[in-house]
Amino acid sequence: MLDKNGIAQRIAQELEDGYYVNLGIGIPTLVANYVPDGISVEFQSENGILGMGPFPTEDQVDADLINAGKQTITALPGASFFDSAMSFGMIRGQHVQMTVLGAMELSQDGDIANWKIPGKMVKGMGGAMDLVASAENIIVAMMHTNKAGESKLLEKCSLPLTGVRCVRKVVTNLGVLDIKDGAFHLRELAPGISVDEIKNATAGKLIVDGDIPTMKLA
Amino acid sequence: MIRKVVKNAEEAVQGLKDNMTLMLGGFGLSGIPENSILAIRSNGAKNLTCISNNAGVDDFGLGLLLQTRQIKKMISSYVGENDLFEKLMLSGELEVDLIPQGTLAERCRAAGAGIPAFFTPAGYGTEVAEGKEVRYFNDKPHILEHAFEADFAFVKAWKGDEAGNLIFKGTARNFNPLMAMAGKITVAEVEELVPAGELDPNFIHTPGIFVQRIFQGVNYEKRIEKRTVRS
């Protein structure tokens, strides 16, 4: 089984040289720690920076330099700053090649719910709806089941949606699955996980075609 | 040169009245118009509708205007770093309209650019789309969104000149340039106000045409919400 860092590490293998990438809050942020050698990517944060660098040292901390999670960050050589309309222009205009975000639920049609739980304090969708509505290449990073052990990979989402028919790949603590043609297609197993464990943890339609390899994490 | 410089925030908020709609720049606590928020509090105008990406924290930013119950409605993309906000929302004292962040930005930009409405894919198929016109372009569904209207826009820049030209710093730029374009009266507060001619016109982010009042702010706290450092 993968921990949060393992999920991030596996997602980082999806990065390609020259990609501009938007990472959401939580596990997705960790993807930046595992960019494979020989690959150059630039990270966008939707509050207005391309070329986001690591967290600052104590003396580099600047209130005017934060990421979308409101954490202090640094800017790498070649970085740029811009306003929020231009930032979402990059996103809706599909200039950002990969988006990684978390989810509470996913459906076998690629619907995603990640912003609202009825009866709980609603904080808002932030930029998530804009991101999922436009990006071509959305990868979801999430735990396969919730704290009660119930599957988060469903036939239909029960929570209010963030976007419809938009997610094509999900990396969970148990494996990698593509979403297409109204089903989850199992592609890789996390180390130590069996196909049966995935079957038991997936409530939506699951397709297991042939031998499923265990993923390789360098 | 058109006179835009006012003495301070108190002078800058003159004309602010009950029931007005305000835009306030900033993302989280970064790039918020700190001085103007304090002056709005002193002005005491009530039943305000505030368009701002976030709603501050309990004792800073827009949280200060929640304390005084001056805000009737918030239009934001992400709120709730703020206990008082939650309490007022649950008790029905505060209306909240949550909008996707990119749509929020574009509704500001459109307001300033003379675009009354536009179609966006964001929110299609979600509760955000309820009651909105849907049209397909290139086989993809989009929803109709309208430009905002705002009586005042309050923005914060790093540097500004007497002609109202603004330069922002880092990610404190965020919504500020868009809101500057959109306000019927745009008030810009700056960390450093210089005479016209000192800022290189090649590096102006917001041209002075969008700014009606400008002043040099004081005592910037520039609070950091999530100070995160490398270990």
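Annotations
- Residues in segment A:102-112 that are open to solvent by 10 Å² or more (accessible area, probe 1.4 Å) and either within 11 Å of chain B (Cβ to nearest Cβ) or not in a loop (DSSP other than H, G, I, E, B) (or both): A:GLY102, A:GLU105, A:ASP109, A:ASP111.
- Checking each residue of segment A:159-169 against the condition of being basic (Lys, Arg), over 17 Å from B:ALA129 (Cβ atoms) and either open to solvent by less than 10 Å² (accessible area, probe 1.4 Å) or within 12 Å of chain B (Cβ to nearest Cβ) (or both) gives no match.
- Hits in segment B:30-39 - residues which are open to solvent by less than 10 Å² (accessible area, probe 1.4 Å) and either more than 10 Å from chain A (Cβ to nearest Cβ) or of a type in the set (A, V, I, L, M) (or both): B:PRO33, B:SER36, B:ILE37, B:ALA39
- Annotation: of all residues in segment B:12-29 being within 16 Å of B:LYS156 (Cα to Cα) and not in a strand (DSSP E or B), the one that is farthest from the other protein chains (Cβ to nearest Cβ) is B:VAL13.
- The single condition among (1) more than 14 Å from every other protein chain (Cβ to nearest Cβ); (2) in contact with a strand residue (DSSP E or B) (Cβ under 7 Å, 6 or more places away or on another chain); (3) surrounded by fewer than 21 Cβ atoms within 10 Å (Cβ to Cβ) that A:ASP211 does not meet is (2).
- Residue match in segment B:132-148 (condition: closer than 18 Å to B:GLY26 by Cα and modelled with pLDDT of 95 or more): yes
- Pairing each residue of segment B:58-74 that is acidic (Asp, Glu) with any residue that is in a loop (DSSP other than H, G, I, E, B) and modelled with pLDDT under 95, provided the two are 6+ apart or on different chains, yields C-beta distances under 8 Å for B:ASP58/B:ASN82.
- Evaluation of B:GLN67 against (1) out of contact with any Cys (no Cβ under 6 Å at 6 or more places or on another chain); (2) open to solvent by less than 40 Å² (accessible area, probe 1.4 Å) (one fails), failing number: (2)
- Any chance A:VAL96 is open to solvent by 10 Å² or more (accessible area, probe 1.4 Å), without any contact (Cβ under 8 Å) to a residue 24 or more places away in the chain, in contact with a strand residue (DSSP E or B) (Cβ under 6 Å, 6 or more places away or on another chain) and β-branched (Val, Ile, Thr): no
- Within the option set A:LYS180, A:LYS123, being under 18 Å from B:THR126 (Cβ atoms), in contact with a Lys or Arg (Cβ under 9 Å, 6 or more places away or on another chain) and open to solvent by 60 Å² or more (accessible area, probe 1.4 Å) holds for one residue only, A:LYS123.
- Of all residues in segment B:2-22, those that are in contact (Cβ under 8 Å) with a residue 60 or more places away in the chain have Cβ atoms under 8 Å from Cβ atoms of residues that are in a loop (DSSP other than H, G, I, E, B) and among the β-branched types (Val, Ile, Thr), 6 or more apart or on another chain, in B:LYS4/B:VAL211; B:ASN8/B:VAL218; B:ALA12/B:VAL6.
- Tabulated pairs, segment B:78-100, first in contact (Cβ under 8 Å) with a residue 24 or more places away in the chain and closer than 24 Å to A:ASN114 by Cβ, second among the β-branched types (Val, Ile, Thr) and outside any loop (DSSP other than H, G, I, E, B), C-beta under 6 angstrom, 6+ apart or interchain: B:GLU81/B:VAL57; B:ASN82/B:VAL57; B:ASP97/B:ILE75
- Scanning segment B:40-57 for residues that are without any contact (Cβ under 8 Å) to a residue 60 or more places away in the chain, in a helix (DSSP H, G or I) and either open to solvent by less than 20 Å² (accessible area, probe 1.4 Å) or in contact with a Ser or Thr (Cβ under 9 Å, 6 or more places away or on another chain) (or both) gives a single hit, B:ARG41.
- Evaluating B:PHE27 against the criteria (1) in contact (Cβ under 8 Å) with a residue 12 or more places away in the chain; (2) open to solvent by 20 Å² or more (accessible area, probe 1.4 Å) leaves one unmet condition, (2).
- Among residues of segment A:144-155 that are closer than 14 Å to A:LEU206 by Cβ, those with a Cβ under 7 angstrom from a residue that is among the acidic types (Asp, Glu) and surrounded by 12 or more Cβ atoms within 10 Å (Cβ to Cβ), sequence gap 6+ or separate chain, pair up as A:LYS152/A:GLU105; A:LEU154/A:GLU105.
- Applying the criterion of at least 2 residues that are closer than 19 Å to B:SER77 by Cβ, open to solvent by 10 Å² or more (accessible area, probe 1.4 Å) and touching a residue at least 24 places away in the same chain (Cβ under 8 Å) to the strands (runs of 3 or more DSSP E) found wholly in segment B:126-231 leaves B:140-146.
- Filtered residue count, segment B:86-111, keeping only those that are out of contact with any strand residue (DSSP E or B) (no Cβ under 8 Å at 6 or more places or on another chain) and more than 9 Å from chain A (Cβ to nearest Cβ): 5
The values are calculated or read from the model by the stated rules, or taken from the named source; none is laboratory data. Being a predicted model, the structure only gives us computed values, none of them experimental. Glycine gets a Cβ as well: all are built from the backbone with ideal geometry, and neighbour counts include every protein chain shown. Please note that ligands, DNA and RNA were not included when accessible areas were found on the heavy atoms of the full protein model with its side chains. Shrake-Rupley method; radii C 1.70, N 1.55, O 1.52, S 1.80 Å.
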